Amino acid sequence: MKTYDQVRQILGLIEPTETMYSELDADDLPHLQRLLHDPDGWRAARAVFAASRIGSAKAHSLILDAASYPRREVRVAAAVVAPRVPSAISNEILEKLIDDEDIGVRKLTIKSIGHDASSKLTEKLQGIAAQGVNRHLKTLARERFDALRIQPR
């Protein structure tokens with residue numbers, strides 16, 4: 001098992017790569033959890049991206065927890081990686097984030113909704129498309145909802 005400082009250093013590369021993330025495994029999850037509180041928001045977000053590549057139940061739990069974090073960067077990362085996890089967990093993550101107070105988080109959440117979206121998430125998306133207050137999100141939700149309806153399930 002790597003030390004916290006080693007995991008922090010791995011995630012500290014200027015340009016993230018798949019090779020960087022491949023150096024981490026399930027044994028590093030406690031360090032990734034701790035990194036969600038890192039002073040550097042970008043590094044906290046990378047901890048979520050790293051967890052999405054590990055793929056274990058504990059990694060999925062970390063991502064689900066990240067969807068409720070107060071830090072915007074962490075919630076954004078949770079929205080972006082949601083399509084990489086099993087659909088039940090993805091739906092739970094996106095259902096938390098679809099009503100986020102931050103418009104950027106909501107935008108990325110809408111973009112992450114896939115064909116395996118729960119009925120709750122699909123209804124929420126349809127509601128935003130029909131009655132959304134923000135014009136950009138309303139348009140994005142309508143486009144995403146239409147794309148999901150057209151595609152075969």
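Conditions tested, residue by residue: (1) of a type in the set (Gly, Ala, Ser); (2) open to solvent by less than 60 Å² (accessible area, probe 1.4 Å).
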{"position": "PHE49", "(1), (2)": "no, yes"}
{"position": "GLY55", "(1), (2)": "yes, yes"}
{"position": "SER90", "(1), (2)": "yes, yes"}
{"position": "LEU97", "(1), (2)": "no, yes"}
{"position": "ASP100", "(1), (2)": "no, yes"}
{"position": "VAL105", "(1), (2)": "no, yes"}
{"position": "SER112", "(1), (2)": "yes, yes"}
{"position": "LYS120", "(1), (2)": "no, no"}
{"position": "GLY127", "(1), (2)": "yes, yes"}
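Number of residues in the stretch 74-88 that are more than 18 Å from ALA26 (Cα to Cα) and over 10 Å from the mean Cα position of the chain (by Cα): the value is 2. Being part of a helix (DSSP H, G or I) and in contact with an Asp or Glu (Cβ under 8 Å, 6 or more places away or on another chain) is the filter here; which residues of the stretch 91-123 pass it? Matches in the stretch 91-123: ASN91, ARG106, THR109, LYS120, LEU121.
Of the residues LEU13, LEU32, the single one that is assigned to a loop (DSSP other than H, G, I, E, B) and either free of Cβ contacts under 8 Å to residues at least 60 places away in the same chain or among the β-branched types (Val, Ile, Thr) (or both) is LEU13. Residues in the stretch 14-36 that are open to solvent by 60 Å² or more (accessible area, probe 1.4 Å) and either under 12 Å from ILE54 (Cβ atoms) or modelled with pLDDT of 95 or more (or both): SER22, GLU23, ASP25, ASP27, PRO30, GLN33, ARG34.
The sole residue among ALA79, ALA88 that is within 18 Å of VAL48 (Cα to Cα), free of Cβ contacts under 8 Å to residues at least 12 places away in the same chain, among the aliphatic types (A, V, I, L, M) and part of a helix (DSSP H, G or I) is ALA88. Evaluating ALA59 against the criteria (1) buried (at least 18 other Cβ atoms within 10 Å of the Cβ); (2) of a type in the set (A, V, I, L, M); (3) within 25 Å of GLY127 (Cβ to Cβ) leaves one unmet condition, (3).
So is ALA79 out of contact with any Asp or Glu (no Cβ under 7 Å at 6 or more places or on another chain) and more than 20 Å from HIS37 (Cβ to Cβ) or not? Quick ask: steps written out before the conclusion?
Values: out of contact with any Asp or Glu (no Cβ under 7 Å at 6 or more places or on another chain): yes; more than 20 Å from HIS37 (Cβ to Cβ): no.
No: the conditions fail for ALA79.
The values are calculated or read from the model by the stated rules, or taken from the named source; none is laboratory data. Nothing here was measured: the structure is a model prediction, and the numbers come from that model. Reconstructed Cβ throughout: ideal geometry from the backbone, glycine too, with neighbour counts over all protein chains shown. Only protein heavy atoms, including side chains, enter the accessible area calculation; ligands, DNA and RNA are left aside. Shrake-Rupley method; radii C 1.70, N 1.55, O 1.52, S 1.80 Å.
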